[in-house]
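Undergrad: Here it is: the structure, laid out below.
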Amino acid sequence: MDYQQPRPGCSHHQDTVTLTFPRRVMECVDICSTTDRLGLSDNQVTALVSATLKAGRADLDKFVISTSTTRRNRMLTRYHISQEYMAAFSEDPPKYAALHWDGKMLRDVLGSDPGTTSETLAVLVSGPPAYPEGKLLGVPVIDSSTGTAQAEASMDLLEAWGLTGVITAIVFDTTASNSGVHRGAAKLLEQQLDRKVFYLTCRHHILEVLVGAVWENLFGKVKSPENPWFKHFKDVWTDLTTDNPTTLSIRQKWLNKKKKECKEILQEILRSEKPPRADYREMAELTLIVLGDTPPAESTGVVLEHSSGQVDGQKPVFYEDVSCLLSSWSTMKKLL
């Protein structure tokens, strides 16, 4: 259907432009895929498209548009796009690949009940030459975060993509649901693959466990799902003084020797042509500050100025922030 959109402007410009939309406007692949990338719900997409048509003086009764139509067409579009990706992938699959998975509670923005949270599992594979950085296989919603649920969801995707025969390694966080000796996802996947695979446990998570043990020894266990220290740290972040960080005072000679070695290694890492990713870089910068050194000028990280929202899930970074800022955090000192 043709309609005209009023357009303010100078008199020497044409005041209107003519656009053409199909009567079944929600069958447009561009609309469905773009609104998916924007994370819009079915209701939001329906309202946005309706408002756009109405602004162009179109008669909405002449279009097939409703929330149920939007949802149905978006699901169909996702299916067709996924089939295209799978077909392209099958033409050049990796000869050997590593399987990665990680679960997270996410808010539903595309389903029938937006705003609710569900346990989701991101599953991908990586392998040269075409996919050294990884290929996402899917992000299914699972009933629970148990090892059984994660193993079943991962295996279903491997079978759907025809990759069960190429997996030689598995990459995972060292949680009980993943690395349990009997019902862990890694053990169950290895059994279903019917062969030994190489275990690549997450370095980030291993270090987090080590630092977490120190924190637990000093301040006790965190008994709630959300760490109250994290939450309070975010609440008072803007009130903290960051220009005079606290540093460690080390007297033992052998430990001072280790301190010097550590500083040299960190300075070399931060000056390298290929610096580590942002959270590792910040960890290195904060460690230098705690040890009484200054990060190199060429380092691109933002020391002690990161968004407080980033401390969730980054225990080592959070702990070093606390160490650096302890002198200015009066509330924390009272808690201690």
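Undergrad: Which of 172, 198 comes first, and how do the rest follow, when ranked by fewest Cβ neighbours within 10 Å? Spell out each step's value before the answer.
TA: Details: 172 25, 198 10.
So the ranking, lowest neighbour count to highest, is 198, 172.
Undergrad: Pulled fully out, how much extra length does the chain show between residue 148 and residue 68, if you take 0.36 nm times their separation in residues and subtract their Cα-Cα distance?
TA: Numbers: separation 80, 0.36 × 80 = 28.80 nm, distance 3.37 nm.
Here the segment from residue 148 to residue 68 would lengthen by 25.4 nm.
Undergrad: Place the peptides 98-104, 22-28 in order of packing, highest mean first, counting for every residue the other Cβ atoms within 10 Å and averaging per peptide. Write down the numbers at each step before the final one.
TA: Values: 98-104: 20.7, 22-28: 15.6.
Output ranking for 98-104, 22-28: 98-104, 22-28.
Undergrad: Compute the distance in nm between two label points, each set 7 Å from the Cα along the Cα-to-Cβ direction, one at residue 217 and one at residue 238.
TA: A separation of 3.8 nm, rounded to one decimal place.
Undergrad: Taking 35 Å as R0, compute the FRET efficiency from the Cβ-Cβ separation of residue 160 and residue 52 and round it to 0.05.
TA: Working: r = 36 Å, r/R0 = 1.03.
That gives a FRET efficiency of 0.45.
Undergrad: By how many nm would the segment from residue 28 to residue 92 grow when fully extended, if each residue of separation counts as 0.36 nm and the alpha-carbon distance is taken off?
TA: Extra length available between residue 28 and residue 92 comes to 20.1 nm.
Undergrad: Less than 14 Å apart at the alpha-carbon level, and either on another chain or at least 8 residues along: which aspartates and glutamates does that give for residue 54?
TA: Straight-line reach from residue 54, under 14 Å: 2.
Undergrad: List the lysines whose Cα sits under 16 Å from the Cα of residue 253, skipping any in the same chain fewer than 8 residues away.
TA: Here the lysines satisfying the reach criterion relative to residue 253 are 263.
Undergrad: For a test of the definition: using alpha carbon positions, the gyration tensor, and the 1.5 limit on a/c, classify segment 196-298 as rounded, prolate or oblate. Write out the running numbers ahead of the final one.
TA: Details: a/c = 1.43, a/b = 1.11, b/c = 1.29.
Because its axes are fairly even, with a/c under 1.5, segment 196-298 counts as rounded.
Undergrad: Give 196/257; 104/187; 187/231; 223/257 a once-over and call out the pairs whose C-alpha atoms are over 32 Å from each other. Walk me through the intermediate numbers first.
TA: Numbers: 196/257 42 Å; 104/187 20 Å; 187/231 35 Å; 223/257 38 Å.
Beyond 32 Å: 196/257; 187/231; 223/257.
Every number here is computed from the coordinates shown, using simple stated rules; none is lab data. As the structure is a prediction and not an experimental result, all values here were calculated from the model. Every residue, glycine among them, receives a Cβ derived from its backbone with ideal geometry; neighbour counts consider all protein chains shown.
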